[in-house]
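Q: There's a structure below that I have some questions on.
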């Protein structure tokens, strides 16, 4: 019972960290990285399809992305999808490929992206704490129904706190790495 609750809490916390990593990928830095376009959805024969399933995305000279669609007629749709995305990118196509230049970040945009990354990290910390709270309330419920002893409840709460601390530390280090990446010129 306790082990299952701890395993469930740990798994849910790991999912929160995975979501944070996805959110960090969407916050662009001055350098080009193919993961920036992971969230772009392209209308492909009436259904929204991730760009990565329709084209190859590569980095050219560190400052621009090259999108090579597998089907040439899709160039216009892919270009529209990149423009519609809220990434602030302006693609141009040459008939075969789409070039997506990464505009250099100004000091102001760097600070804005840093604030956004900080907010995402804080949301992840809140999610982790909520998972801890849920697990602790489960332990209290188990103790109340005499399924576990009071000592077992305290030990379980200590264990869930250790798991929480480990995941919060992971979030903090991810945020610090993203912040350093954003503020480097």
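Throughout, read-outs are computed from the coordinates displayed, never taken from laboratory work. Given the structure is predicted, the values throughout are model-derived calculations rather than measurements. Methodologically, a virtual Cβ is constructed for each residue, glycine included, from the backbone with ideal geometry; neighbour enumeration extends over all protein chains shown.
Q: Going by alpha carbons, how many degrees (0 to 90, nearest 10) lie between the helix axis of 150-183 and the longest principal axis of the chain?
A: 20
Q: Sticking with this one: With semi-axes √(5λ) of the Cα gyration tensor in Å as the read-out, I listed (1) 28, 19, 14; (2) 43, 20, 11; (3) 26, 20, 17; which label goes with the value calculated from this structure?
A: Label (2) holds the value from this structure.
Q: Working out 0.36 nm times the residue gap between residue 18 and residue 111, then minus their Cα-Cα distance, what length gain in nm do you get to one decimal?
A: Extra length available between residue 18 and residue 111 comes to 31.1 nm.
Q: Could I ask something else about it? Once R0 is set to 35 Å, what does the formula 1/(1 + (r/R0)^6) return for the Cβ-Cβ distance between residue 141 and residue 96, expressed as a FRET efficiency to the nearest 0.05?
A: On the way: r = 62 Å, r/R0 = 1.77.
Taking R0 as 35 Å, the efficiency between residue 141 and residue 96 is 0.05.
Q: In what order do 172, 151, 21 fall by count of nearby beta-carbon atoms within 10 Å, going from fewest to most? Working shown, then result.
A: Numbers: 172 13, 151 9, 21 16.
With the sparsest Cβ surroundings first, the list reads 151, 172, 21.
Q: How do 106, 170 rank when sorted from fewest to most other Cβ atoms within 10 Å of their own Cβ? Before the final figure, lay out the partial values.
A: On the way: 106 10, 170 18.
Least crowded to most crowded, the residues run 106, 170.
Q: Provide 102, 1 in ascending order of the number of other Cβ atoms located within 10 Å of each residue's Cβ, fewest first.
A: Working: 102 20, 1 12.
Ranked by crowding around the Cβ, least crowded first: 1, 102.
Q: On a 0 to 90° scale, report how tilted helix 107-144 is relative to the longest principal axis of the chain, with both axes built from alpha carbons and the result rounded to the nearest 10.
A: 30
Q: Can you give me the angle between helix 75-84 and the longest principal axis of the chain, using Cα atoms only, in degrees from 0 to 90, rounded to the nearest 10?
A: Once rounded, one gets 50 degrees.
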